[in-house]
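Structure first, then comments.
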Amino acid sequence: QVQLVESGGGLVQAGGSLKLSCAASGRTFSSAIRAWFRQAPGKEREFVAAISWAGVRTDYADSVKGRFTISRDNAKNTVYLQMNSLKPEDSANYYCAAAISFARTVAEYDYWGQGTQVTVSS
């Protein structure tokens, strides 16, 4: 089992920045891939970014590429999502997830956090 706890969400104006954190505990080696997804009201959960165990491989949704950066500190069992140049359409509940394999689909991820809300005002 892997437990994930997100933090760092909040209200920010368009063009601003936020940094989300996801702290992991439990059998963190068993599901080493980490990703961020987001879900806005009335919409499906969508992939945002993923990172491999060593941080060498990353992947981003086209909608956030160049604005968001995913990173991790394995000594702290924490993954981060630095979000810059935020837009109102980035408003959503952001979820951290863990998986065995590198993937973009919700079904591939075995463990999920409770989410942290990000609201971007125009």
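Some points to look at:
- Only Lys, Arg (+1) and Asp, Glu (-1) charged, at Cβ; the chain dipole about Cα centre in debye: 220
- When you filter the GluC sites (Glu not before Pro) in the range 34-122 for DSSP loop state and at most 15 other Cβ atoms inside 10 Å of their Cβ, you are left with 44.
- Surface accessible to a 1.4 Å probe, residue 72 within the full protein complex, Å²: 40
- A straight chain from residue 101 to residue 54 at 0.36 nm per residue would run longer than the Cα-Cα distance by 15.6 nm.
- Projecting the Cα atoms of 71, 61, 92 onto the charge dipole of the chain (Cβ charges, centred on the Cα centre) puts 71 farthest toward the positive pole.
- Remark: relative contact order (the chain) = 36 percent; criterion is Cα-Cα distance under 8 angstrom and separation of 6 or more residues.
- Given charges at beta-carbon only (K, R positive; D, E negative), |dipole| of the range 1-73 in Debye: 60
- Karplus-derived 3J(HN,Hα) values for the range 13-25, using 6.51 cos²θ - 1.76 cosθ + 1.60 with θ = phi - 60°, are 7, 4, x, x, 10, 9, 10, 8, 10, 9, 9, 10, 9 Hz; glycine and proline are entered as x.
- Net lengthening on full extension, residue 69/residue 46 (0.36 nm per residue, minus Cα-Cα): 6.6 nm
The values are calculated or read from the model by the stated rules, or taken from the named source; none is laboratory data. All values derive from a computational prediction rather than experimental measurement. So basically every Cβ, Gly included, is an ideal-geometry build from the backbone, and we count neighbours across all protein chains shown. Surface accessibility is based on the protein's heavy atoms, side chains included, excluding ligands, DNA and RNA. Shrake-Rupley method; radii C 1.70, N 1.55, O 1.52, S 1.80 Å.
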